[in-house]
Amino acid sequence: MQTLWMDMTAGIQAEDMEKAGQILKDGGLVAFPTETVYGLGGNGLDAGAAQKIYAAKGRPSDNPLIIHIAQWEDLVPITSHIPEKAKVLADAFWPGPLTMILPKSDLVPMETTGGLNTVAVRMPGHKAALELIRAGGGYIAAPSANTSGRPSPTTAAHVREDLDGKIDAIIDGGEVGIGLESTIVDLTEEVPVILRPGYISAQMLSEVIGEVRMDRAFVSADPSIRPKAPGMKYRHYAPKAQLQIVEGPEEKVVETINELAANAAAQGQLVGIIATDATKERYENAIIRSAGDRTDDITIAAHLYGLLREFDELGVSEIYSEALDTPRLGQAIMNRLIKAAGHRILQV
């Protein structure tokens, strides 16, 4: 299959968007930008399209897909019940990086929901994504547009690296803004449960709908604690190299990472280090990259996956990272970093 490249970095091209929409209506796959990461889209009401998404990504079929919609009215046909809290959250955060889990209707195939009787839905806050949803019939099922398990794509080039020749088209909308996947909140329980942390924090949710609780598995370093969301049990966001997080007081973290890097370099290994602006000059014996200023967690979130992919391109075999528990998005950032490291955390 030859993948069609559609450049919309300078603006949405109506002819290309119409063509992309028709690909979706015909059961094909289109990668597209959102404000979080690039998504791999197929018709959310087409079981065959869902199966194509799983195949292109190498994704387990019990890992539910998120259906993307462009207007509130389109939520009604794909759900059997919309709780009042869903309406309140939509008013507050849609369009935006929030996914809600709701009871599904018979219109949504089990292939899209990973065999569950619930459906994950969000309305993205990105103009090109919304235009594509409308052009494609209103319902786009879309996980991140990468090979399953790899760092999520924040540029169209990342999508091409993983999926060129496996999907019908890629829409290039430039670099994404947030760089972390949407917050997922399950509204099928009496007290809503956050299944995946993201830009919309627990505090932001509770300020709007009251009490929420968090699935304790998503930031745990203990891999034996099973997450409530089926897809979160799988390896995610991982570079090809072995990644280890070093957590503790700054002085001890720098000292330990330098020791680990020196030992690995002495064995002939190429090492990468994820530092911050405040510490990057203190490391040696490695390829050193800063995730940004520790107080600027928006920048760190936006660059994290790109750093992991850059280390892949450079061929490093070992990566050591400082813990990036930043002020506002630290929980979401550490969730991704812990999973990318396979729960390998060294406390010092």
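We did not get these values from a lab; they are worked out from the coordinates using the rules stated. Predicted model only: the values in this text are computed from it and were never measured.
Please give the helix 47-57 orientation as an angle from the longest Cα principal axis of the chain, in degrees from 0 to 90, rounded to the nearest 10.
20
Taking only Cα atoms, what is the 0 to 90° angle, nearest 10, from helix 330-340's long axis to the longest principal axis of the chain?
80
Hey, could you grab the Kirkwood Rh for the chain? Inverse mean 1/r over distinct alpha carbon pairs, Å, one decimal. Intermediate results must be reported in sequence, preceding the final value.
On the way: mean 1/r = 0.0487 Å⁻¹.
Kirkwood hydrodynamic radius for the chain: 20.5 Å.
Report, by chain and number, residues whose modeled amide H sits under 5 Å from the one on A278, excluding near sequence neighbours (fewer than 5 apart, same chain).
Here the answer is R294, since their amide H atoms fall under 5 Å of that of A278.
List the residues, sorted by chain then number, that are 5 or more residues from T79 or on another chain and whose placed amide H is less than 5 Å from its amide H.
S105
In region 1-143, if every C-alpha pair distance is counted and binned at 10 Å from zero, what percent goes to each bin?
Going out from 0 Å in 10 Å bins, region 1-143 shows 12, 45, 34, 8, 0 percent.
Can you give the calculated 222 nm mean residue ellipticity of the chain, where each DSSP H run of n ≥ 4 adds -39,500 (n - 2.57) and the sum is split over every residue, rounded to the nearest 500 deg cm²/dmol?
Numbers: 10 runs with 108 residues, N = 348.
After summing the helix terms and dividing by the residues of the chain, the value is -9500 deg cm²/dmol.
Quick check on my link table: of K25/K339; K19/K240; K280/K339; K19/K85; K19/K104, which ones sit more than 26 Å apart, alpha carbon to alpha carbon? Working shown, then result.
On the way: K25/K339 35 Å; K19/K240 35 Å; K280/K339 23 Å; K19/K85 37 Å; K19/K104 29 Å.
The pairs that break the limit, which is 26 Å between Cα atoms, are K25/K339; K19/K240; K19/K85; K19/K104.
Helix 84-93 sits at what angle to the longest principal axis of the chain, using alpha carbons and giving 0 to 90 degrees rounded to 10?
So the inclination is approximately 60 degrees.
Kirkwood-based Rg over Rh for region 68-225 (C-alpha set), two decimals? Could you put the intermediate results ahead of the total?
On the way: Rg = 16.1 Å, Rh = 16.8 Å.
Over the Cα atoms of region 68-225, Rg/Rh equals 0.96.
Mind running the shape call on region 112-154? Use the C-alpha gyration tensor, a ≥ b ≥ c as the square roots of the eigenvalues: rounded below 1.5 for a/c, prolate if a/b tops b/c, oblate otherwise. Walk me through the numbers on the way to the answer.
Values: a/c = 2.22, a/b = 1.11, b/c = 2.01.
Oblate.
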